[in-house]
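Please read the structure below before turning to the comments.
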Amino acid sequence: MAVGQFPLMSDFKRRTIRAPVNPLDKSTIISIFPKHIIERKHTIQPGVFEIKPGSYANPSLLVVGPSSWWKELDENQPLLEIPHSSIIVADSIVKDYCNGILACDMAEHMPGLFFVPGELNMEMIKRDHKSKLDAANVKQRNWYAALVKLADALWSRSNGTPLAISDDMKLAARDLNLVNKDWLKDSQTMELVRCEACGYLKNPLYPVCSNCKSISDPVKAKELNLVFAR
């Protein structure tokens, strides 16, 4: 439509106007995952959902209602609204975020994220749905343990490369109080440096280059009493 031109009747038919929404159609998403979550679904309206960080002692809550998408029939008819209930929307938010996350199996190892039908407050959640909170906490700790196990393997195989450790792995170790992990140390001290002999990027915490096997820090190597095969 050109500037200054009056809109045609067909233009009004293409507008996405929602029908009245059932005020009782609501569901509550509960998160004990200590991470800020923003789920965007570009094909539905409303389609942006923000979940604040939570914990087992203080879960975060997000109440969602129904959302709609529009189906095109033909150019002479208005767009057809296809509504989805709050239960479908909440279920989609939880599954779309968790599905595909490293070490998450959507069963016994997953972030502490779930939903219940209805608009609930914190008191109702802790009173009437404590079993679900407990189950979510167990699943999240199982997921944390799996992440830490993967982090240990990646740290060993990469010769202590900090880029191999994800933020979720660090979060898991802190929540499980495994603060003695080498890969949890200050990222500044684990910044990669170049080997003086071959130029390969290496972890400065280790005195031997994994590429050329040269000793970059003889003092530390002596302290560790390293013995090399000949």
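The values are calculated or read from the model by the stated rules, or taken from the named source; none is laboratory data. Note that the coordinates shown come from a computational prediction; the quantities given were computed from them, not determined experimentally. Note: ideal-geometry Cβ built from the backbone for every residue, glycine included; neighbour counts use all protein chains shown. Accessible surface areas use protein heavy atoms only, side chains included; no ligands, DNA or RNA. Shrake-Rupley method; radii C 1.70, N 1.55, O 1.52, S 1.80 Å.
In the chain, which whole DSSP H runs stretch at least 15 Å along their own axis (Cα) and average 0.0 or higher on the Kyte-Doolittle scale? Working shown, then result.
Numbers: long enough: 86-98 (18 Å, 0.95); 130-157 (40 Å, -0.44).
Both cut-offs are met by 86-98.
What order do R127, R18, R157, R141 take when sorted by accessible area (1.4 Å probe), most exposed first? Show your work: numbers first, answer last.
Working: R127 145, R18 70, R157 205, R141 115 Å².
In descending accessible area the options line up as R157, R127, R141, R18.
Under a 1.4 Å probe, what is the accessible area of region 111-184 per residue, stated in Å²? Before the final figure, lay out the partial values.
Details: 3950 Å² over 74 residues.
Roughly 53 Å² per residue, with all protein chains present.
Put +1 on the Cβ of every Lys and Arg and -1 on every Asp and Glu Cβ in region 71-230; which of W183, P117, C212 then has its Cα farthest towards the positive end of the dipole?
The listed residue farthest towards the positive side: C212.
Among the lysines, select those whose C-alpha is under 29 Å from the C-alpha of K139, and discard any that sit fewer than 8 residues away in the same chain.
The qualifying lysines are K26, K35, K41, K52, K95, K126, K130, K149, K170, K181, K185.
In terms of the ratio Rg/(2.2 N^0.38 Å) built on C-alpha atoms, what value belongs to region 94-230? Don't skip to the answer; put the middle values down first.
On the way: Rg = 20.8 Å, N = 137, 2.2 N^0.38 = 14.3 Å.
Rg over 2.2 N^0.38 Å, computed on Cα atoms: 1.46.
Would you rank T16, T28, T43, T161 by solvent-accessible area, highest first, keeping every protein chain in place and using a 1.4 Å probe?
On the way: T16 70, T28 0, T43 115, T161 35 Å².
Greatest to least solvent exposure: T43, T16, T161, T28.
Identify unpaired cysteines across the chain, taking unpaired to mean no other cysteine Cβ lies under 4.7 Å from the residue's Cβ.
C98, C104
Non-local amide H neighbours of V208 (under 5 Å, H modeled in plane, Pro and chain starts lacking H): which ones?
The answer is S216.
For the pair K95 and N142, what calculated FRET efficiency results from E = 1/(1 + (r/R0)^6), where r is the Cβ-Cβ distance and R0 = 22 Å, to the nearest 0.05?
Values: r = 18 Å, r/R0 = 0.82.
So, using R0 = 22 Å, E works out to roughly 0.75.
Nearest 500 deg cm²/dmol is fine: what mean residue ellipticity at 222 nm does the chain get from its DSSP H runs of n ≥ 4 alone, each adding -39,500 (n - 2.57), divided by its residue count?
Numbers: 6 runs with 68 residues, N = 230.
Calculated mean residue ellipticity at 222 nm is -9000 deg cm²/dmol.
Rounded to the nearest 10 Å², what accessible area does E123 show when all protein chains are kept and the probe is 1.4 Å?
Counting only protein heavy atoms, the figure is 120 Å².
At R0 = 45 Å, how high is the FRET efficiency between V21 and S55 if r is their beta carbon distance? Nearest 0.05 is fine. Display every interim value, and only then the final one.
On the way: r = 32 Å, r/R0 = 0.71.
Step by step, r from the Cβ atoms, then E = 0.90.
Which order do you get for E50, E39 if you rank them by accessible area with a 1.4 Å probe, largest at the top?
From most exposed to least exposed: E50, E39.
Taking the Cβ of S216 as the center, what net charge do the other residues with Cβ under 12 Å away carry, scoring Lys and Arg +1 and Asp and Glu -1?
Numbers: positive: R194, K202, K213, K220; negative: E196, D217.
Value of the local net charge: +2.
Which value, in debye to the nearest 20, describes the size of the charge dipole of the chain about its Cα centre when Lys and Arg Cβ atoms bear +1, Asp and Glu Cβ atoms bear -1, and nothing else is charged?
Details: 29 positive and 26 negative charges, 132 e Å.
For this selection, approximately 640 debye.
How large, in percent, is the carbon and sulfur part of the accessible surface of region 3-151 at a probe radius of 1.4 Å? Could the numbers behind the result be given before it?
Working: 5060 of 8770 Å².
Exposed carbon and sulfur together represent 58 percent of the surface.
Please state the Cα pair-distance histogram of the chain with 10 angstrom bins from zero: what percent is in each bin?
7, 22, 21, 16, 14, 11, 6, 2, 0
Find the Rg to Rh ratio for region 70-160, where Rh is the Kirkwood radius over alpha-carbon pairs and Rg uses the same atoms.
Details: Rg = 19.7 Å, Rh = 16.4 Å.
On the Cα set of region 70-160, Rg over Rh gives 1.21.
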